[in-house]
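What follows is one structure encoded as structure tokens, with my remarks underneath.
The numbers here are math on the coordinates, done by the rules we state, and not lab data. Because the structure is predicted, anything quoted here is derived from the model rather than measured. No Cβ is skipped: glycine too gets one built from the backbone with ideal geometry, and neighbour counts run over all protein chains shown.
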Amino acid sequence: MYYQDDFAKVFRKEEDLHEHLLDLDERSWWKRVQGKRIKVLAVAGNSDRLTPVEGEDMELLTYDTLKNTGLMIEAGGEAYLLGSTAVPTLYGRARISGAVLAELERKKLAGILNECLALSKGKALLHFSEGKIRAMPSGDKGKYSIIQMLDIFMAASAYIGEGFDKTSFAGGYASHMLTNAAWSVKDTRMIDAYRELLKHYGRSDTSDMVTNVRITTSDVTASGVNIAYSIQTGGETILLGQTLKTVHRGTDGIRQVEEHIQNIFSYYKETLQGAGKLMGIPIQYPVNTLVGMMHKKFGKKLIAETAENFKSENGDLPCTAYDVYCGICHALVIAQSKGATTRALLELEETISQCITRRWQDYDMPGEVKY
């Protein structure tokens with residue numbers, strides 16, 4: 001049903017997201033195999049070797065795969081098509097990388113991968129979903145831990161619905177690479193803590209504030225279980241620090257995820273102090289500082305638009321690192337207006353939140369900075 005490698009869907013209702021994940025869960029499975037027994041084949045000329053997948057149209061699956069990876073995997077006497085999301089873990093297992101690999105003729109690429117895979121050690125954990133192999137992380141003990149996405153979002157819905165004053169589902173997104181859901185939350189505890197922090201630094205904000213919780217995860221190794229928290233004030237989104245993460249490695253699975261969900265407030269109240277410290281860092285050259293902080297970590301065009309927006313809103317008069325950080329956060333609005341993908345926005349949020357812990361004074365320099 002969702003076999004296309006470029007499948008993506010937006011959800012307006014929480015129950016629709018849950019239903020989608022349940023549907024996927026019922027048609028997904030995992031299988032451990034010896035890494036050396038994995039064989040890569042080009043789909044062209046070998047499609048007759050494919051193992052039929054119940055409920056799936058093999059012709060459509062094959063056509064979609066030929067448009068994308070063009071590869072299939074043989075292991076344990078069975079053969080399955082390879083989805084695009086599995087390529088990074090396949091290359092990782094083969095210990096090979098490089099942009100040129102995507103340009104190789106599929107048969108030649110399969111041969112190179114097979115030579116490398118013959119040297120691999122340990123087991124691979126094949127993840128099957130919607131008729132294709134979507135990932136193949138390590139299957140060795142203590143390596144990759146399976147955490148079902150349905151369990152994650154059911155736990156999140158249960159806690160967020162009961163743990164905050166007032167909540168509403170802000171939307172969800174699912175692809176073969178990532179799944180995320182966001183809630184708009186009236187968290188008076190965090191809002192009060194934020195107002196107290198502003199007061200401590202001689203500031204105030206009387207606007208109507210709303211906090212947001214977003215959970216992002218992946219079952220193809222693209223992400224752990226990441227919980228992000230932000231405050232919306234005056235039409236701007238302020239990220240309150242780096243995401244609270246549960247990695248798919250040597251964890252207690254859903255139990256650790258549940259603990260993190262339950263500790264959202266305490267974790268982000270602590271990280272709020274880190275963001276608050278930026279209010280005590282004076283910045284003499286804010287535009288230069290903003291450009292310096294974003295250099296090499298953001299696209300040049302986004303840096304330029306963010307800098308120009310900051311100058312139009314604040315000028316280039318001395319301010320604090322917190323003011324500059326809020327200016328960098330505005331890059332999210334710009335990127336979204338330019339049609340950035342959900343995954344790109346999530347990566348951008350992570351990059352922005354990392355700015356909090358960097359040495360701001362190192363970028364506060366006079367002179368003309370090009371961007």
**Prompt:** Among all the lysines, which ones have a C-alpha under 18 Å from K301's C-alpha, if same-chain residues fewer than 8 places away are not counted?
**Reply:** K311, K338, K370
**Prompt:** Does anyone have the angle between helix 149-163 and the longest principal axis of the chain? Alpha-carbon axes, 0 to 90°, nearest 10?
**Reply:** 30
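List the relative contact order of the stretch 281-371 as a percent without decimals, with contacts defined as Cα pairs under 8 Å and 6+ residues apart.
48
Can you tell me the equivalent ellipsoid semi-axes for the stretch 1-153? Use √(5λ) from the Cα gyration tensor, largest first, whole Å.
Values: eigenvalues 133, 71, 41 Å².
Ellipsoid half-lengths, sorted descending, are 26, 19, 14 Å.
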**Partner lysines for K132 [C-alpha distance under 26 Å; skip if fewer than 8 residues away on the same chain]** = K9, K31, K36, K39, K67, K107, K108, K121, K123, K141, K143
**Request:** Report the equivalent ellipsoid semi-axes for the stretch 281-371 in whole Å, largest first, defined as the square roots of five times the eigenvalues of the gyration tensor built from alpha carbon atoms.
**Result:** 21, 14, 11
**Asked** Using the C-alpha gyration tensor of the chain, what are the square roots of 5 times its eigenvalues, in whole angstrom, with the largest one first?
**Response** 42, 25, 18
**Spacing of the two label points (7 Å from each Cα toward its C-beta) at R358 and R189, in nm** = 3.2
**Prompt:** Per the Debye formula with a single identical scatterer at each Cα and no solvent contribution, what log10 I(q)/I(0) holds for the stretch 145-279 at q = 0.11, 0.19 Å⁻¹?
**Reply:** -0.40, -1.08
**Item:** Within straight-line cross-link reach of K277, lysines at Cα separation under 21 Å, skipping those fewer than 8 residues along the same chain
**Value:** K199, K269
**Message:** Can you compute the helix-only [θ] at 222 nm over the chain? Use -39500 (n - 2.57) per DSSP H run of at least 4 residues, normalise by all residues, nearest 500 deg cm²/dmol.
**Reply:** -12000 deg cm²/dmol
**Prompt:** At a Förster distance of 51 Å, what's the computed FRET efficiency of S312 paired with L101, Cβ-Cβ distance as r, to 0.05?
**Reply:** 0.70
**Prompt:** Once you list every other residue whose beta carbon is under 11 Å from the beta carbon of A321, what net charge do they have if Lys and Arg are +1 and Asp and Glu are -1?
**Reply:** +1
